[in-house]
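Below is one structure, written out as structure tokens, with a few remarks after it.
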Amino acid sequence: MTENGASAPQPYKYVPDFGAELERLRPVDLPEARSAYKIVLPGVIQTGADTVIAMGRKSSLWPMTFGLACCAIEMIGTFMANHDLDRFGIVPWPSPRQSDVMIVSGTVTKKMAPAIKLLYEQMPNPKWVISMGACATNGGPYTEYDRVLQGVDKIIPVDVYVPGCPPRPESLLDGFLALQRKIMEEKKMVG
Amino acid sequence: MTHWPETTTPVLPPDDLNTVDMTINIGPQHPATHGVFRMVLTVDGELVVDCEPYIGYLHRGLEKLSETADYRQSMGWWDRTDYLAGMCCEMAYCMAVEKLGGLEVPERAEYIRVIMAELSRINSHFMFLGAFGTDVGVLGTTFTYAWRERERIYDLFEEVAGDRMFPTYLRPGGVSMDLPENFEQRCRWVLDSARQGMEDLDGMMTGNEIFVERCRDLGPITPERGIALGLSGPMLRATGLPWDIRKAEPYSIYDRLDFEVPVGRQGDVFDRYFVRLAEMYQSMRIVEQCLDQMPKSGLVLNPNLPKTLRIESGECYIRTEGTKGEYSVYALAKGGNKPYRMKLRSPSFCNLSGLREMVVGTYVADAIVILGSLDIVLGEVDK
Amino acid sequence: MTEAQARPLPYPVGSQSPQEGLKDLLAKAVPGGLLTFGATATDLDVTVPPADLLTLVTTLRDRPELAFDLLRNIAGVDYETDMALKYHLYSLKHGHALQVTVPTTSGHPHVPSLTSLYPAANWHEREASEMFGFVFDGHPNPKNLLLEEDLHIHPLLKAHPLAKVEILQGIEEGPPGFKF
């Protein structure tokens, strides 16, 4: 049949056409993750101790419940059910002796500054500080008044600054996530 | 058989073995002080002999800074005073500026202001219910229930004005923008939800016999003594005196609205709690009446406002009923676009000055409950 | 019928504007033209020198037709050349309000304390004392209230400077902003 002419109809060949669907269903591009461990034998993990410790630290951050001013209300709101912080292992704790994170939530006045320093010194190492809101960062709207400290970083080291006046709960949540990233990056530091 | 000699005298500690008084410091960082408040209790055993409050840990210069800024710029500092109910503070400040500058407020804007102020009052009292429950010992349960409703009111504020806590929505001469389209429907939904939340809290606290026994007959105060100490708001109304500035010296449109002033019987901690709870129902009635009566359209900001507000001279003392009591603003203008002097009469400050009288003679654990029943906001106390 | 009518308030309803009848009452209670009357946008105003303050306030509190039983507020004002104290009084019985102005010299003027008449004056006077430098004679506890106890500054005086604002931003190289 093929010799007789090219006019003979070709047998129907089914070619499925998915259009752009494959492109649509392509898995997302994941950046190459830095794996914290590698599997040596099934069920055995080999990794550095610092990584494990840092993972433990970042997964159970206990912030000290320490309301200074207006930002404290948003801090409470972050702890409450709507923006549940417990799912990150972040549990508010009223004593500095068992806390890991200090959230400086509000205006730091010069009268309050010695108490904040004392609280910071009472916290065991390793400890981190989140400066929440404009007032704790640089004095915020009250910076021109001379009884107000122009930023809590004048007296204690600050790890994460959360902007806003007051920051929304989502901002504080983001601040905590940033702190967790920071803990993983600084895992070599022995606190 | 033991024979007791008849001359035995009862064994009592001699006079020189009396125990000494102990001093307990509470604060400035303490979960029960609701912020940065410090009090030093002198106790004899469990009994409080003396109480010395220390404030000023949040003194951030509201009055000084108000003198340095334009009339409209100062608003941000004023709603950060009572940070549980920012709109009430904005309303007092705006009324003072309007009184000095002789500005008219459109009718629709007045209604919007009252709605916002009363929603703020509900919001603030929810915070009180949550925090007070924690003080008394219901732990976090009341807090969680109260915050569910607070978040809904915050969401409503955000829809109206763009921010949750301090929207700076009010302006001298009206409000900054009109309400969104579905506001009435949303507001009624929020009110229904808040009413349900209040009933939950009511059952959880008033229906709890331990809570009631804990609060009854604690720190009572008479109306005469309350007036002498300068108490106001729910603290004074709990003593049985229905003195509410919305009724006594009516401002804005409160004289057109129908609401009651709940009072207590003997001014103890339970009455203070219950007056606030009853006040929330009245605030809901006010908001619903405002929604019914409000003009459906119209201006919300005075169109004749000058570009820069300059006030030649004037002096006024504007009284409003804040969430904690009489929130008043003394304003003095001497030309220019800045006030010469602004003074805040903050209700928490005056209520707190009566703390010593209520606390002395009670137990240490009760002192915390009495402090919780004052419902202080430190931003307002320390200015 | 509204419920406000059903349950009448046990006090008369006042207003936030100056009351005229009060002026006659005051002039009758304090004869001899000792008082200087004025008016603010909200209240009747009475000016009295510091020496006569205690007598006047005792009269205001104790006369039954005046009966100012609530001391609401004490506000100090610094006029740079001199100072003044504003007392805001209110009568729950009659529903009228009054402002008492006490002009003083600047510096550390002596003013009699009202704590013996109104316990509410205690903290207000301590605040005015630390913020402006008034000295209240007869105050039981004249310590600083809002400021630290060893500080002797008066922040609300016009002469008290504001703090210098530190600007730490905008020092990076090149124009600020995102690079697109």
*Identify which of B:HIS34, B:HIS125, B:HIS59 has the largest mean-square fluctuation in a Gaussian network model of chain B, with springs joining Cα atoms closer than 10 Å.*
B:HIS59
*So between B:LEU305 and B:ASN337, what do we pick up on full extension, going 0.36 nm a residue minus the alpha carbon distance?*
10.2 nm
_Given charges at beta-carbon only (K, R positive; D, E negative), |dipole| of chain A in Debye_ = 780 debye
*Between the range B:168-246 and the range C:109-139, what is the C-alpha centre distance in whole Å?*
32 Å
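Going by how many other Cβ atoms sit within 10 Å of their own, how do B:ARG121, B:ARG341 line up, fewest first?
Values: B:ARG121 26, B:ARG341 23.
Ascending number of Cβ neighbours within 10 Å: B:ARG341, B:ARG121.
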*Overall form of the range B:210-357 per C-alpha gyration tensor (a/c, 1.5; a/b vs b/c)*: oblate
*Using the Cα gyration tensor of the range B:27-125, with a ≥ b ≥ c the square roots of its eigenvalues, what is the shape: rounded (a/c below 1.5), prolate (a/b larger than b/c) or oblate (neither)?*
prolate
_Using the Cα centre of the protein assembly as shown as origin and beta-carbon charges of +1 (Lys, Arg) and -1 (Asp, Glu), tell me which of A:TYR161, C:ASN144, B:TYR57 is placed farthest towards the positive end of the dipole._
A:TYR161
_Principal axis dimensions, largest first and in whole angstrom, of the range B:92-216 by Cα_ = 53, 32, 20
_Label-point gap, in nm, between C:ALA51 and C:ASP24 - each point 7 angstrom along Cα→Cβ_ = 3.3 nm
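What order, most packed first, do the peptides B:249-259, B:109-119 have when packing is the mean number of other Cβ atoms within 10 Å of each residue?
B:109-119, B:249-259
Sort the range A:51-139 into rounded, prolate or oblate with this rule: let a ≥ b ≥ c be the square roots of the eigenvalues of the Cα gyration tensor; rounded if a/c is under 1.5, and if a/c is not under 1.5, prolate when a/b is larger than b/c, oblate otherwise. Please list the in-between numbers first.
Values: a/c = 2.06, a/b = 1.27, b/c = 1.62.
Here the range A:51-139 falls in the oblate category.
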_Proximal aspartates and glutamates to A:LYS127, defined as alpha-carbon separation beneath 17 angstrom and excluding residues fewer than eight positions away on the same chain_ = A:ASP50, A:ASP100, A:ASP153, A:ASP159, A:GLU185, A:GLU186
*asked:* Using a 10 Å cut-off around each Cβ, can you sort A:VAL162, B:VAL381, B:VAL40, A:VAL101 from fewest to most neighbouring Cβ atoms?
replied: B:VAL40, A:VAL101, A:VAL162, B:VAL381
*asked:* Under a crude label model (7 Å from the Cα following the beta-carbon direction), how far is C:LYS143 from A:ALA49 in nanometres?
replied: 5.1 nm
_So the label point goes 7 Å from the Cα of B:TYR363 along Cα→C-beta, right? Which residues of the range B:125-159 then have their backbone N under 14 Å from it?_
B:136-137
*Mind checking which of B:THR81, C:VAL30, B:LEU41 is farthest towards the positive end of the protein assembly as shown's charge dipole, using Cβ charges of +1 (Lys, Arg) and -1 (Asp, Glu) about the Cα centre?*
B:THR81
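Take every Cα-Cα pair in the protein assembly as shown and report what % of them are more than 38 Å apart. Don't skip to the answer; put the middle values down first.
Details: 124040 of 283881 pairs.
Beyond 38 Å sits 44 percent of the P(r) for the protein assembly as shown.
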_Which three extents, in angstrom, do the Cα atoms of chain A have along their principal axes, listed largest first?_
105, 45, 29
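Which value, in debye to the nearest 20, gives the size of the charge dipole of the range B:62-105 about its Cα centre, when Lys and Arg are +1 and Asp and Glu are -1 at the Cβ?
On the way: 4 positive and 8 negative charges, 14 e Å.
I would put it at about 60 debye.
Within 10 Å of each Cβ of B:346-358, how many other protein chain Cβ atoms are there on average?
Details: counts 1, 0, 0, 6, 6, 0, 1, 8, 4, 0, 1, 1, 0.
Going residue by residue through B:346-358 and averaging, the value is 2.
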*Least to most buried among A:ILE76, A:ILE130 (fewest other Cβ within 10 Å first)*: A:ILE76, A:ILE130
*Taking the mean number of other Cβ atoms within 10 Å as a proxy for protection, how do you rank B:354-361, C:137-144 from highest to lowest?*
B:354-361, C:137-144
*Using the alpha-carbon atoms, what tilt in degrees (0 to 90, nearest 10) does helix A:113-122 show relative to the longest principal axis of chain A?*
60 degrees
*Test item: C:67-77 mean partner chain Cβ contacts at 10 Å*: 6
*Among the GluC sites (Glu not before Pro) within the range C:86-155, which fall in a DSSP loop and have no more than 13 other Cβ atoms within 10 Å of their own Cβ?*
C:GLU149
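Mind scanning B:LYS338/C:LYS23; C:LYS28/C:LYS93; B:LYS307/C:LYS86; B:LYS99/C:LYS143; B:LYS247/B:LYS334; A:LYS110/A:LYS187 and naming the pairs with a C-alpha gap bigger than 27 Å?
On the way: B:LYS338/C:LYS23 32 Å; C:LYS28/C:LYS93 19 Å; B:LYS307/C:LYS86 32 Å; B:LYS99/C:LYS143 35 Å; B:LYS247/B:LYS334 32 Å; A:LYS110/A:LYS187 34 Å.
Checking Cα-Cα distances, B:LYS338/C:LYS23; B:LYS307/C:LYS86; B:LYS99/C:LYS143; B:LYS247/B:LYS334; A:LYS110/A:LYS187 exceed 27 Å.
In debye, nearest 20: dipole of chain C around its Cα centre with unit charges on the Cβ of K, R (+) and D, E (-)? Walk me through the numbers before you get to the answer.
Working: 13 positive and 22 negative charges, 116 e Å.
The dipole of chain C has a size of about 560 debye.
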_Please compute the average number of Cβ atoms from other chains found within 10 Å of each residue's Cβ in peptide C:42-50._
2
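What does the charge add up to near B:GLY314, with Lys and Arg as +1, Asp and Glu as -1, over the other residues with Cβ less than 10 Å from its Cβ?
Spelling it out: positives minus negatives among the neighbours equals 0.
The numbers here are math on the coordinates, done by the rules we state, and not lab data. These numbers were taken from a predicted model, which means no experiment stands behind them. Quick reminder, even Gly has a Cβ in these numbers, built from the backbone with ideal geometry, and neighbours come from all protein chains shown.
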